[in-house]
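Single-structure report; data block below.
The values are calculated or read from the model by the stated rules, or taken from the named source; none is laboratory data. This structure is a prediction, so every number in the text was calculated from the model and none was measured. A quick note on method: Cβ atoms are made from the backbone with ideal geometry, for glycine too, and the neighbour counts reach across all protein chains shown.
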Amino acid sequence: MKLSLSLLFLFASTILLAQNPEKKQVTIKGTILEEGTNYPLEYSTVSFIDRQGKIVTGGITDTQGNFSIEVPAGIYTVKYEFISYKTKEIPNQNLNKNTTLPTVKLALDAASLDEVVVRAETTEVQIRLDKKIYNIGKDLTAGGATVSDALNNVPSVTVDVDGAIALRGNENVRILINGKPSAIAGFGSTDALRQLPAEAIERVEVITSPSARYDAEGTAGILNIILKKEKTLGLNGSLSTSVGVPLNSSASGNINLRTDKFNIFNTTGVYYRNGPGNAFFNNNYFPRPLLDENGNPVLDNNGNPISVDPQFDQVIENRQYDRMGKGFNTNLGIEYFISNSSSITASGFYRKGDGNDETINETSNLNNSNVEERTLRIENESEDDYNYQFSLNYDNNFNDKGHKLTADLQYDRGEETERSFITDQRTFPNNTELPSEDIIQIENEKEYLAQLDYVLPIGENAQFEAGYRGSFEETTTDYTLFQEIGTTGNYVRNDSLSNIFIYDENVHALYSQYGNKFGKFSFLLGLRVENTQMKGKVDAENVTQDVPFDLNFDKNYTNFFPTVNLTYELAENENITLGYNKRINRPRSWFINPFPSRSSEANVFQGNPDLDPAYASAFDLGYLKRWKKLTLTTSLYYQYETDAFERVQEETGEVTSNGVPVIRTFPINLSTNQRYGFELGLLYNPTKWLNLNGSFNYYQFKTEGFYNNVDYGAENTSYFGRFSSKVKLPAKIEWQTNAFYRGPSNNSQTEYEGILSVDMALSKDIINDNATLALNVSDLFNTRKRNSFTLTDTFASESEFQWRQRQVTMTFTYRFNQKKQRQRPERSNDDEGGFEG
């Protein structure tokens, strides 16, 4: 049974109603569920057939499997249909008044399963009151790719060359896995997402106007990554392997076994990758004022500031990165169906990674464009890390109307050990060994999470929700720096920089929200209150250097976060949405750790323990229009943020052993940050063999603030756009091209050039369509590079950075019991909840 047939029923019923206006109209309601699981069957067809066998009218069910249809009074056969399910008919129903029919349960039709072939061909979008849902679909360029790569194909989302994820150009985005913070997402770091296979993703929810149900964390919004968990009865799964140049190999598999009483699911993957990269820095230093011991300028006899020329007025660095990484990850879970309305799910996740990176930094120190010194710095870094997570979920549906209770418990633990051995030598004008460094950093993280959510439908269209979430995080960073005495081979611990930093962040949250629908108007109003405790502690026994701030701090904040989401349906396939929410951006542990980490001898990053959370109020006005072959989405948005974070650079007044000034980068709270923009998305399928997908995002922000009497205010206008096309060729060959361009941008000190990237892929189904062979090229023209220019009063810096060079990958995927599937939409309240309106 095709969906177009359902639309034909509706069209025919409209004509028939128009021809019989004199008949009394009655409202018939009911619910359609899946037999055995009681899952609501969204978009099921309900038809009313008169005694002559003609379809008088009909309709489809909503996201909860409910329908409400106006019918001319009379005697009918009521027919219930859904793709790949057995049709059910109830004859001789005397419908002469408003009636609620008994709940109907449809069973799977094994015979029809072989007739229905469903494959998501492109990314499609679903609009909810508080989110956009992107089903990744059969994205050819994701073959052999990671979750981080796949996110870069989602509209509104960008992933830069460092792996930093941004939403509408704003990096203050909250990453959730299946609706919860998770070790799978690396406790807020994006590194873990570079290790998980893209095949594990089922869909991505872009939540730019989060309801009160979600964390208030992340001023840009939330990205909720939903991992695959098959709901088809029986045993099914897939295996995938890939190999690429530069060396990039991986293998992953997922398997699912489902019966009437339990569902066991597992995804496991291994990888071995080599990632060459490069960077270039050209730093020009200006004369700087001579300062006295109090930091005041020293004046000459005429009262003019005395300037000091730098030892070198230009420093050029060329870096080559050779990264090797290997790892293993697995996710195992079991869902037990206690009854037709309740289930309990236990799952465990484990990830282990091992990396060895070599960075070669060739530095030339110049005066008046003449090279006076060259140095060679080689950093060998080994990294050993693991994460594991245990979670328990209880889900109870009290009835078929959406009345439910869910409870979650989760424990996450992770440890990362990094060891860097750095050697330095002068290669010009003479060959001289310089002192080496040995740095060991061990970071331990653990988090406990408890969550309770309750949903109560009220009447036909209203819904009330309430819940609690508590998260308790502890991060311990043990940083030890050993420095060589001369070139003797003997090392001594630097007690002024070595330290143990302990950071705790505890958040208690309560929320409540209410939604209702009146005709074409829907609303969802919510309020969330969060109490945050941020505690920092430094092991003082290991610190010998005085610092200008309190190393131990204990801050406590209680804040209210209102949310408003409104929708008005202009027509069946056209609506307008308006959203408002208040958000918080809490500084992460590395932004608060007061002790510096060094990417090179002359460039350090230092946290700021005086950082306070940033707060933002955001407005979003959206419009959606669907035609037969085209879907249009647009948004206008505005955000006002206070105490916004900004990284600034300044000279420390110190110099390296060979006289190069040391530049420090650190975060501060600036006063305000205003951001507003416009985005447009188009999905166009003109023919069966061509699918087009494009999006464009334009934004502008203005930052105002002073630090140390220096104005760090800035205005920036930028944009990014992406385009994807998929062409079906003969012999079951498909060709896909993805193009992305991010326009130039700037902050208070740095200007960034635009970035162009093009990916291309070909695929062919083989082995009776049970397998797919794909070839894809990432960054076809090798242009995914970040070029920037920084200007301050004391130096100017020009740089280019390329994280990963162009890559070619071949992927083979084999599916068993998955080639032909029934098309069944996911439950809208799976993992994320929320009022659909």
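The table below lists the values:
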| read-out | value |
| --- | --- |
| Residue ID - farthest from Lys132 (Cα to Cα), chosen from residues in segment 218-232 that are modelled with pLDDT under 75 and among the polar types (S, T, N, Q) | Thr232 |
| Complete set of residues in segment 248-267 that are touching a residue at least 24 places away in the same chain (Cβ under 8 Å) and surrounded by fewer than 18 Cβ atoms within 10 Å (Cβ to Cβ) | Ser249, Thr259, Asp260, Lys261, Phe262, Ile264, Asn266 |
| For Leu392: the one exception among (1) in contact (Cβ under 8 Å) with a residue 24 or more places away in the chain; (2) surrounded by fewer than 16 Cβ atoms within 10 Å (Cβ to Cβ); (3) more than 28 Å from the chain's Cα centre (by Cα) | (3) |
| Filter pass, Thr345 being closer than 30 Å to Ser799 by Cα and among the β-branched types (Val, Ile, Thr) | no |
| Complete set of residues in segment 268-283 that are closer than 18 Å to Val808 by Cα and either surrounded by 21 or more Cβ atoms within 10 Å (Cβ to Cβ) or without any contact (Cβ under 8 Å) to a residue 40 or more places away in the chain (or both) | Tyr271, Arg273 |
| Tabulated pairs, segment 483-497, first part of a loop (DSSP other than H, G, I, E, B), second exposed (fewer than 13 other Cβ atoms within 10 Å of the Cβ) and modelled with pLDDT under 85, C-beta under 7 angstrom, 6+ apart or interchain | Asp495/Thr544; Ser496/Thr544; Ser496/Gln545 |
| Qualifying residue in segment 247-265 (condition: at pLDDT below 80, among the hydrophobic types (A, V, I, L, M, F, W, C) and touching a Lys or Arg at 6+ places or on another chain (Cβ under 7 Å)) | no |
| Glu433 vs. criteria part of a strand (DSSP E or B), within 30 Å of Asp412 (Cα to Cα) and of a type in the set (D, E, K, R) | no |
| Only listed residue being modelled with pLDDT of 85 or more, in contact with an Asp or Glu (Cβ under 7 Å, 6 or more places away or on another chain) and more than 20 Å from Asn673 (Cβ to Cβ), chosen from Lys702, Lys728 | Lys728 |
| Test set (1) surrounded by fewer than 13 Cβ atoms within 10 Å (Cβ to Cβ); (2) of a type in the set (Ser, Thr, Tyr); (3) closer than 30 Å to Gln802 by Cα - Ser339 fails condition number | (3) |
| Residue check for Glu734: touching a strand residue (DSSP E or B) at 6+ places or on another chain (Cβ under 7 Å) and under 30 Å from Glu651 (Cα atoms) | no |
| Residue match in segment 314-325 (condition: hydrophobic (A, V, I, L, M, F, W, C) and modelled with pLDDT under 90) | no |
| Considering residues of segment 652-698 that are of a type outside the set (Val, Ile, Thr), within 30 Å of Thr631 (Cβ to Cβ) and over 26 Å from the mean Cα position of the chain (by Cα) only, the residue surrounded by the most Cβ atoms within 10 Å (Cβ to Cβ) | Asn685 |
| Some residue of segment 332-352 being in a strand (DSSP E or B), over 29 Å from the mean Cα position of the chain (by Cα) and of a type outside the set (Phe, Trp, Tyr) | yes |
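Here is a yes/no grid of residues against (1) out of contact with any Ser or Thr (no Cβ under 7 Å at 6 or more places or on another chain); (2) modelled with pLDDT of 80 or more; (3) surrounded by 17 or more Cβ atoms within 10 Å (Cβ to Cβ):
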position: Glu574; (1), (2), (3): yes, yes, no
position: Thr577; (1), (2), (3): no, yes, yes
position: Asn585; (1), (2), (3): no, yes, yes
position: Phe595; (1), (2), (3): yes, no, yes
position: Ser599; (1), (2), (3): yes, no, no
position: Ala602; (1), (2), (3): no, no, yes
